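Bear in mind that the values in this text are calculations on the coordinates, not laboratory data. Nothing here was measured: the structure is a model prediction, and the numbers come from that model. Virtual Cβ from ideal backbone geometry, glycine too; neighbours counted across all protein chains shown.
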Amino acid sequence: MTFLTQKKTSMIAGTAILTIALAFGGYSFASHSFEAGVSGDNIPDNTHISLNGITLGPGEVMPLYDASPNFVSGHFLLTDECVPVDDDTNAPRVAVIAGHIDEHNSATHIEPMPLFYIDLVSNGDNRCVWHAHIPDPLNGGAPRVTDIAIANLGTSDVTFSGQHIVDINIQSVLGNIADAPYTDGPYVDLSANTIYDLNDDEHDNDGLGHGGHD
């Protein structure tokens, strides 16, 4: 990577950090110490978002879900055009990021989600499918998730078509971020998602917590 490319990448990352701060705004930007969160531990919720016609410029961020002050567990699904990673694995054109955005810098923590490529329902061209666990304690990512977004970390526009969607299924609340705040911030990792694939010929990208494949 040349110095010019590094500088450009740093500028894009810096723009994305600022965009995250502006995009999430309002209620998600709070200390949450005054909010009680939900009563009990169940908050069944499904959010389905069509990305059709949406364009993200370099460094732009699109917030998808905000459960603050609750950090939650569930599943995430994305369809996007396919970017080849290895011989038979693909990555999305955007990064999926998650964690917690807070008014206090020290309590802000954002990381890329580990994604699993789903080959069976992908066509390897303009529609690939990725699934993620919220959170994924074995394979990395933010351990406490209140906020989810996608970010364009590239140098050109990303435009989605009609078959590109996001689906977020929240199954339960794990706790209140005020009771278990991040204290290592601001921690903002805007790098590409790690892509796991349980169905290719490689076993070093299976991730943890799975039995592998033959």
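Provide S68, S172 in ascending order of the number of other Cβ atoms located within 10 Å of each residue's Cβ, fewest first.
Details: S68 22, S172 14.
Neighbour counts put them in this order, fewest first: S172, S68.
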Query raised in the report: Once phi is turned into ³J(HN,Hα) by the Karplus curve 6.51 cos²θ - 1.76 cosθ + 1.60 with θ = phi - 60°, what whole-Hz value does each residue of segment 148-157 show in order, with x for glycine and proline?
Result: 10, 8, 10, 9, 8, 9, x, 10, 9, 4
Query raised in the report: What list do you get for E60, E103, E81 if you sort them by fewest beta carbons within 10 Å?
Result: E103, E81, E60
Query raised in the report: Put a dot 7 Å past each Cα toward the Cβ at N126 and L198; how far apart are the dots in nm?
Result: 3.0 nm
Report summary line: Note: I49 to D184 extended length (0.36 nm per residue) minus current alpha-carbon separation gives 45.4 nm
Query raised in the report: Taking R0 as 25 Å, what's the FRET efficiency between D157 and V85 from their Cβ-Cβ distance, rounded to 0.05?
Result: 0.70
Requested in this report: Would you order H131, H164 from fewest to most other beta-carbon atoms within 10 Å of each residue's own beta-carbon?
Outcome: H131, H164
Report task. Collect residues whose amide H, placed 1.01 Å from N in the peptide plane, falls under 5 Å from the amide H of S161; neighbours closer than 5 in sequence don't count. Result -> G53
